[in-house]
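Below you'll find the structure, written out as structure tokens, and then a few comments.
The values are calculated or read from the model by the stated rules, or taken from the named source; none is laboratory data. These numbers were taken from a predicted model, which means no experiment stands behind them. So basically every Cβ, Gly included, is an ideal-geometry build from the backbone, and we count neighbours across all protein chains shown. Note: areas computed on protein heavy atoms with side chains; ligands, DNA, RNA excluded. Shrake-Rupley method; radii C 1.70, N 1.55, O 1.52, S 1.80 Å.
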Amino acid sequence: MSVLQVDHLKIWDSLTGRMLVTDSSFHLKQGECLAIVGESGSGKSLTCRALMRLNRPGLRQSGDIILEGINLSELPEKEIRKLRGKRLCMIMQNGMRAFDPSRPVGAHLRETLTVHTSHWSRTEMTKNVKLAMESVGFKDPTAVMGRYPHELSGGMLQRVMIALAIVLEPDIIIADEPTTALDAITQYEVVEQFEQLRSRLGSSMIFVSHDLGVVKRIADKVLVMKDGEIVEQGETSDIFSGANHPYTRYLVSSKLALQRHFKQLMGGERVAES
Ligand SMILES: Nc1ncnc2c1ncn2[C@@H]1O[C@H](COP(=O)(O)OP(=O)(O)O)[C@@H](O)[C@H]1O
Ligand SMILES: [Mg+2]
């Protein structure tokens, strides 16, 4: 059964009337990871935010977003707010902007968590947050939580967001290029984290990435976007072995060409043929 069903999603700019995402339909099953790939500006972030109704007011959307039988398109803002974080949790492309610049990150974390975990004692909350922060590679979580967002790097903030998701144990994690700001080693660890989270909780996941190596590794299904349109979607293995759409073939082949190029540069050691 699908946990999320998106039917005929359209997103447009109400001021100019420009259509930004045209008639997207896709679905996500329990425990599944769906990757969204496509060049910059193809509508990946708008699609993700539309699922949580987080796009700016100037943008309009239509179509149905059905989360376990509930049509989110028809829910009042107050109701949808209750679902954000717990049912649907988004890890933004630009981690920096998700934080309040005037407060330490720990205060932000606690506030977000209190909304969804009011049954926890303060000690429990602190313990769970610390564990999650350690699991995304922070050696001294308490120190990090005392810092202001501008004192942390983009990669660190991204990891704080992932720790937040780990604590919230959401049904669906929407991760919008979550590893872009990270170095290769951290990227690997973060992807590991997602994998563990998914297998431990059975969470479903929407994963936006331009890294086809990562996509191939973690996604069950791939959705390819170009100029606001889904040009192809299917099982990951089918997409990588026999894509139908020329654009998908182009993406896959340019990835392979790039890997070969790096392999030569690195003397064939560093880049695995994934
Ligand atoms: N708030 C906005 N108002 C008008 N156009 C926007 C807005 N946000 C994004 N867009 C446009 O929508 C298109 C898709 O954007 P986006 O979803 O961010 O692309 P991607 O995440 O695939 O790089 C782009 O052409 C972008 O310029
Ligand atoms: Mg984007």
>> Skipping prolines and chain starts, which residues have an amide H placed within reach, meaning under 5 Å, of the one on E229, given they are 5 or more residues away or on another chain?
In response: T22
> Can you give the accessible area of F240 in Å² (nearest 10), computed on protein heavy atoms with a 1.4 Å probe?
Replying inline: 40 Å²
> Lys/Arg Cβ at +1, Asp/Glu Cβ at -1, dipole of the chain taken about the Cα centre: which of S153, T186, L88 is farthest positive-ward?
Replying inline: S153
> If you place +1 on the Cβ of every Lys and Arg, -1 on the Cβ of every Asp and Glu, and leave all else neutral, what size is the dipole of the chain about its Cα centre, to the nearest 20 Debye?
Replying inline: 580 debye
> Using the alpha-carbon centroid of each, what span in Å lies between segment 5-28 and segment 141-211?
Replying inline: 27 Å
>> Solvent-accessible area of D220, probe 1.4 Å, all protein chains present, reported in Å² to the nearest ten, please.
In response: 60 Å²
>> Rounded to the nearest 20 debye, what is the charge dipole size of segment 134-245 about its Cα centre when +1 sits on each Lys and Arg Cβ and -1 on each Asp and Glu Cβ?
In response: 220 debye
> With every protein chain left in place, what is the accessible area per residue of the chain in square angstrom, probe 1.4 Å?
Replying inline: 50 Å²
> For K127 and R97 in the same chain, what is the full-extension length gain: residue separation times 0.36 nm, less their Cα-Cα distance, in nm?
Replying inline: 8.2 nm
> What's the extension gain from S118 to D64 if we count 0.36 nm per residue and subtract their Cα-Cα distance?
Replying inline: 16.3 nm
> Where both residues lie in the chain, what percent of DSSP beta bridges are antiparallel, nearest 5?
Replying inline: 55 percent
> Of the residues V224, V191, V208, which exhibits the maximal mean-square fluctuation in a Gaussian network model of the chain defined by a 10 Å Cα contact cut-off?
Replying inline: V191
> How much length, in nm to one decimal, is gained on full extension between D238 and K139, taken as 0.36 nm per residue of separation minus their Cα-Cα distance?
Replying inline: 31.6 nm
> Per residue of the chain, what 222 nm ellipticity follows from adding -39500 (n - 2.57) for every DSSP H run with n ≥ 4, rounded to the nearest 500?
Replying inline: -12500 deg cm²/dmol
> If ligands, DNA and RNA are left out, what is the accessible area of K130 with a 1.4 Å probe, given in Å² to the nearest 10?
Replying inline: 80 Å²
> For segment 2-265, what relative contact order do you get, as a whole percent, if you take Cα pairs closer than 8 Å and at least 6 residues apart?
Replying inline: 26 percent
> Taking a 1.4 Å probe, which of E32, E235, E68 shows the most accessible area, and what order do the others take after it?
Replying inline: E235, E68, E32
>> Running a GNM on the chain with Cα contacts under 10 Å, which residue among T248, T16, T186 ends up with the highest mean-square fluctuation?
In response: T16
>> Once R0 is set to 41 Å, what does the formula 1/(1 + (r/R0)^6) return for the Cβ-Cβ distance between Y188 and L15, expressed as a FRET efficiency to the nearest 0.05?
In response: 0.45
> Ignoring ligands, DNA and RNA, how do K44, K86 rank by accessible area with a 1.4 Å probe, largest first?
Replying inline: K86, K44
> What part of the accessible area of the chain, given as a whole %, is carbon or sulfur when the probe is 1.4 angstrom?
Replying inline: 52 percent
> Got a sec? What order do R200, R217 fall in by accessible area at 1.4 Å, biggest, i.e. largest, first?
Replying inline: R200, R217
